[in-house]
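Undergrad: Below is one structure. I have some questions about it.
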């Protein structure tokens, strides 16, 4: 069999943990090979070993049948291995071509030959159907286009093997379809692809084979044609996973949150929310669908008091909370699971216990006369750790030492425990694995069933469709359409999110 | 967690040892015997009770300026202004000590509080500018150091004295001087201030570790966004941190004004108590106990070093270099950390 890259029995240890143990991944020429695993399962470690960032303790790497010692990323590049990073590494004010040639600029007598480079880049783009304009500036093109620039970058450097790290996380459904076409075009031209992901549907759709790792160990490599989503999920998690989000129909009652004609500017004074209207009632989950950057973040920041609004009103149970301080907003009965858990949700240098009282530390019994009662704080923390299944060595462990899923569970525990009338969950499952997602969705629905109002903001259409009772589509700072999840589908939502009118989209 | 704590103790200790070793090499290089040199240092700090008293006298303000820098550090602020805060504190203490008449139980506390308040004001200004205008505290505090120095000189010359180079002595009712300590230590300048400094360290520990105030201050230092999200006022905490830090440094000034000297004289330049406080805070890992221990080391070096020229013939300049080397290795403790981690990895 012809393998372009073979990683055989790789073992990588860090002080105290075995990140990879006996993992084998064999990539055939011209195939799309998925690498599946939960967060923290060791996918990134394995790819960093291949990319020369880590040296493995045991095991062998073969490229085109010959043993290779990949000591640093330059060696990987020379061997034709390229990585399309999840977080783009692009210089915004530069053009596409300038970004692509950065570090290996073609020169004639010391002068960069930009014209020649542009032609080369354009030719590459056309060959693989990437439709990238080589002369456009990065800041003027969409996120999907920026990703293609990253792909071009690896191709320009002669990559034969491309590693895609969670490539669909930032894309709209239409962009995802296009990306898949591009990936197929690449393999048709003889390139081979390793696709790192935890989205099972994508694996089923596009890849030929799939290697599953769990807790650092290589579990199995399966032919995608012979397997199913359920089987992949249980291989990944190590137990059966239910995909059906079980919930009964909602019974919405009185209005809890009312947003009227809200206008919000972001920190650069650009108007991002432009007359938003939204209502969330007790006992229902309203999902806000939209492509990143259409004002969702600013909407949440305005509701939670983190950003002042220019005009319009925000009411909770008919009480005005517009432009109140975050503390007043919190005390008026709002719980907030922030979009960026490292930036807003947690003080990473604090222990889990200290983080559990981040919203309540100034209240009894956690403090009295401004003196902290550590016993009560850690009693509460231990109770929440238990109830929300936060896997941590102890409540005295720093929050930074926990995995993303467990950090998120801690935040959800803290916010839900205060029993707020309105729970705002912004991208609550971003970057989490199937097991944690299942847990979090269950909790959100439980809160709804208790008669709380839940506002869910997500870029994952699956999540919006599965969890919400009602969907509001946000485009260009406005609520452009409201639909019921059982009366719509990804296609219609995708088009609405891209700004087309509901009638044109062929909706109801 | 335990090994982590060990690590935090080990790193400064190793830094100090490497510093001493480097100092020994320098002495050797210039033809001095490092053993006699360090023996002279030891004798100069602890050789008899007089030296011991002088060492404690020097440790006292170091604890307070160390706390002033460490406290701000814990909130993510770099207080370079302890120097100026010491000067205004010194001035305020002497001012109250020389111009007011009151019984001791009012006069002495009042003079110390005045010093703390003056230092607090000198911390408030950069705190306010940082919080409301985003001006970097390092720039403001450096400028305020000079403002403090020259304003204090002008006041000493023109207000508190009649064109003299120093103020009159503070009244006995405002003095920290201790006859008992002096008799015990062959008339060193050791004074009661050491108790105030140690008490201040306890206050700092309590504030930072046990109160909601410390919880907020640390939180703002670690992550302003999450603190804002949790409903804390980032601005208020920045100002508060600088005010408390300034108060500690101001009190350090009163130790000099009411204890060591009993007056204030016109100063040609900075006395470095504040700048040394930065090193003390760094070496003490910005904790209260660490600052006390680091202040002890710095006081020892400073006072003991005075004996090195006379007993071992090592010139004072060389002594300064040795102290600087120790500070250098403390500041570069990052490198030592890295090396230790490297060794740990190799073992496995």
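The values are calculated or read from the model by the stated rules, or taken from the named source; none is laboratory data. Bear in mind the structure is a predicted one, so any value in this text is a computation, not a measurement. Every residue, glycine as well, gets a Cβ built from its backbone with ideal geometry; the counts of neighbours run over all protein chains shown.
Undergrad: Looking at segment B:204-238, which of its residues are more than 24 Å from the chain's Cα centre (by Cα), surrounded by fewer than 21 Cβ atoms within 10 Å (Cβ to Cβ) and more than 7 Å from chain A (Cβ to nearest Cβ)?
TA: Selection gives B:224, B:233, B:234, B:235, B:236.
Undergrad: Can you tell me which residue among B:242, B:190 is crowded, with 24+ Cβ neighbours inside 10 Å, out of contact with any strand residue (DSSP E or B) (no Cβ under 7 Å at 6 or more places or on another chain) and at pLDDT below 90?
TA: Within the list B:242, B:190, the selection yields B:190.
Undergrad: Consider residue A:109 carefully, then state whether it is in the same structural domain as residue A:70 (by TED's automatic domain parsing), surrounded by fewer than 20 Cβ atoms within 10 Å (Cβ to Cβ) and farther than 21 Å from residue A:182 by Cβ.
TA: Criteria met by residue A:109.
Undergrad: Here is a list of conditions, (1) free of Cβ contacts under 8 Å to residues at least 24 places away in the same chain; (2) not in a helix (DSSP H, G or I), and residue A:379 meets all of them except one; can you say which number that is?
TA: Condition (2) is where residue A:379 drops out.
Undergrad: Just one of (1) under 22 Å from residue B:209 (Cα atoms); (2) touching a residue at least 24 places away in the same chain (Cβ under 8 Å) trips up residue A:368, so point out which.
TA: (2)
Undergrad: Among the residues of segment A:352-371, which ones are more than 10 Å from chain B (Cβ to nearest Cβ) and either outside any loop (DSSP other than H, G, I, E, B) or within 13 Å of residue B:227 (Cα to Cα) (or both)?
TA: Result: A:352, A:353, A:356.
Undergrad: Could you list, in sequence order, the residues of segment A:286-338 that are part of a loop (DSSP other than H, G, I, E, B) and within 15 Å of residue A:256 (Cα to Cα)?
TA: A:317, A:318, A:321, A:322, A:332, A:333
Undergrad: Would you be able to tell me the number of residues in segment A:275-294 that are at pLDDT below 90 and in contact with a strand residue (DSSP E or B) (Cβ under 9 Å, 6 or more places away or on another chain)?
TA: Of the residues in segment A:275-294, 4 are at pLDDT below 90 and in contact with a strand residue (DSSP E or B) (Cβ under 9 Å, 6 or more places away or on another chain).
Undergrad: May I ask you to verify whether residue A:298 is outside the structural domain of residue A:449 (by TED's automatic domain parsing) and surrounded by 16 or more Cβ atoms within 10 Å (Cβ to Cβ)?
TA: No: the conditions fail for residue A:298.
One line per residue, one yes/no per condition, for (1) at pLDDT below 90; (2) touching a helix residue (DSSP H, G or I) at 6+ places or on another chain (Cβ under 7 Å):
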position	(1), (2)
A:174	yes, yes
A:197	yes, yes
A:206	no, yes
A:212	no, yes
A:217	yes, no
A:226	no, no
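Undergrad: Looking at (1) surrounded by fewer than 20 Cβ atoms within 10 Å (Cβ to Cβ); (2) modelled with pLDDT of 90 or more; (3) closer than 30 Å to residue A:393 by Cβ; (4) more than 14 Å from chain B (Cβ to nearest Cβ), which is the only condition residue A:11 fails?
TA: That leaves (4) as the condition not met.
Undergrad: Now for a different question. Any residue at all in segment B:239-248 that's in contact with a helix residue (DSSP H, G or I) (Cβ under 8 Å, 6 or more places away or on another chain) and within 12 Å of chain A (Cβ to nearest Cβ)?
TA: no
Undergrad: Find the residue count for segment A:112-144, including only residues that are on the phi > 0 side of the Ramachandran plot and part of a helix (DSSP H, G or I).
TA: 0
Undergrad: Suppose we filter A:240, A:220 for residues that are farther than 30 Å from residue A:478 by Cα and part of a loop (DSSP other than H, G, I, E, B); which single one remains?
TA: Step by step, each of A:240, A:220 is checked, and only A:240 is farther than 30 Å from residue A:478 by Cα and part of a loop (DSSP other than H, G, I, E, B).
Undergrad: Any idea which of (1) farther than 25 Å from residue A:290 by Cα; (2) under 26 Å from the mean Cα position of the chain (by Cα); (3) free of Cβ contacts under 8 Å to residues at least 60 places away in the same chain is the one residue A:129 doesn't satisfy?
TA: Going through the list (1) farther than 25 Å from residue A:290 by Cα; (2) under 26 Å from the mean Cα position of the chain (by Cα); (3) free of Cβ contacts under 8 Å to residues at least 60 places away in the same chain, residue A:129 breaks only (2).
Yes or no, residue by residue, for (1) in contact (Cβ under 8 Å) with a residue 24 or more places away in the chain; (2) surrounded by 18 or more Cβ atoms within 10 Å (Cβ to Cβ); (3) in contact with a strand residue (DSSP E or B) (Cβ under 9 Å, 6 or more places away or on another chain):
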| site | (1), (2), (3) |
| --- | --- |
| B:92 | yes, yes, no |
| B:101 | yes, no, no |
| B:105 | no, no, no |
| B:124 | yes, no, no |
| B:127 | yes, yes, no |
| B:133 | no, no, no |
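Undergrad: Considering only segment B:295-330, how many residues are touching a helix residue (DSSP H, G or I) at 6+ places or on another chain (Cβ under 6 Å), modelled with pLDDT of 85 or more and closer than 20 Å to residue B:59 by Cα?
TA: 13
Undergrad: Right, next: Restricting attention to segment A:405-447, and to residues there that are within 18 Å of the chain's Cα centre (by Cα) and part of a loop (DSSP other than H, G, I, E, B), which single residue is surrounded by the fewest Cβ atoms within 10 Å (Cβ to Cβ)?
TA: A:431
Undergrad: Which of the numbered conditions does residue A:48 fail, given that it passes all the others? Conditions: (1) closer than 21 Å to residue A:206 by Cβ; (2) under 22 Å from the mean Cα position of the chain (by Cα).
TA: Against the list (1) closer than 21 Å to residue A:206 by Cβ; (2) under 22 Å from the mean Cα position of the chain (by Cα), residue A:48 comes up short only on (1).
Undergrad: Right, residue B:275: within 14 Å of chain A (Cβ to nearest Cβ) and surrounded by fewer than 21 Cβ atoms within 10 Å (Cβ to Cβ) or not?
TA: No.
Undergrad: Also, quick follow-up: Does residue A:305 satisfy the condition of being at positive phi and away from every other protein chain (no Cβ under 12 Å)?
TA: It is false that residue A:305 is at positive phi and away from every other protein chain (no Cβ under 12 Å).
Undergrad: With touching a residue at least 60 places away in the same chain (Cβ under 8 Å) and either in the same structural domain as residue A:41 (by TED's automatic domain parsing) or not in a strand (DSSP E or B) (or both) as the only criterion, which of A:247, A:258, A:274 stands out?
TA: A:247
Undergrad: Identify the single condition in (1) surrounded by fewer than 19 Cβ atoms within 10 Å (Cβ to Cβ); (2) touching a residue at least 60 places away in the same chain (Cβ under 8 Å); (3) more than 30 Å from residue A:80 (Cβ to Cβ) that residue A:290 does not satisfy, given that it satisfies every other one.
TA: (1)
Undergrad: What about residue A:259, is it within 30 Å of residue A:322 (Cβ to Cβ), in contact with a helix residue (DSSP H, G or I) (Cβ under 8 Å, 6 or more places away or on another chain) and crowded, with 19+ Cβ neighbours inside 10 Å?
TA: Yes: the conditions hold for residue A:259.
Undergrad: With the structure loaded, tell me whether residue A:371 is at pLDDT 90 or above, touching a helix residue (DSSP H, G or I) at 6+ places or on another chain (Cβ under 9 Å), under 16 Å from residue B:219 (Cβ atoms) and not assigned by TED's automatic domain parsing to the domain that holds residue A:435 or whether it fails that test.
TA: Here the answer is no, as residue A:371 does not meet what is asked.
Undergrad: Determine whether segment A:337-348 contains at least one residue that is surrounded by fewer than 23 Cβ atoms within 10 Å (Cβ to Cβ), within 14 Å of chain B (Cβ to nearest Cβ) and in contact with a strand residue (DSSP E or B) (Cβ under 6 Å, 6 or more places away or on another chain).
TA: yes
Undergrad: Just wondering, is there one or more residues in segment A:387-404 that are surrounded by fewer than 22 Cβ atoms within 10 Å (Cβ to Cβ), modelled with pLDDT under 90, over 21 Å from residue A:336 (Cβ atoms) and under 18 Å from the mean Cα position of the chain (by Cα)?
TA: yes
Undergrad: Let me ask you something else. Identify, from the list B:154, B:197, B:201, B:172, the residue that is within 25 Å of residue B:100 (Cβ to Cβ), away from every other protein chain (no Cβ under 14 Å) and within 24 Å of the chain's Cα centre (by Cα).
TA: The conditions single out B:197.
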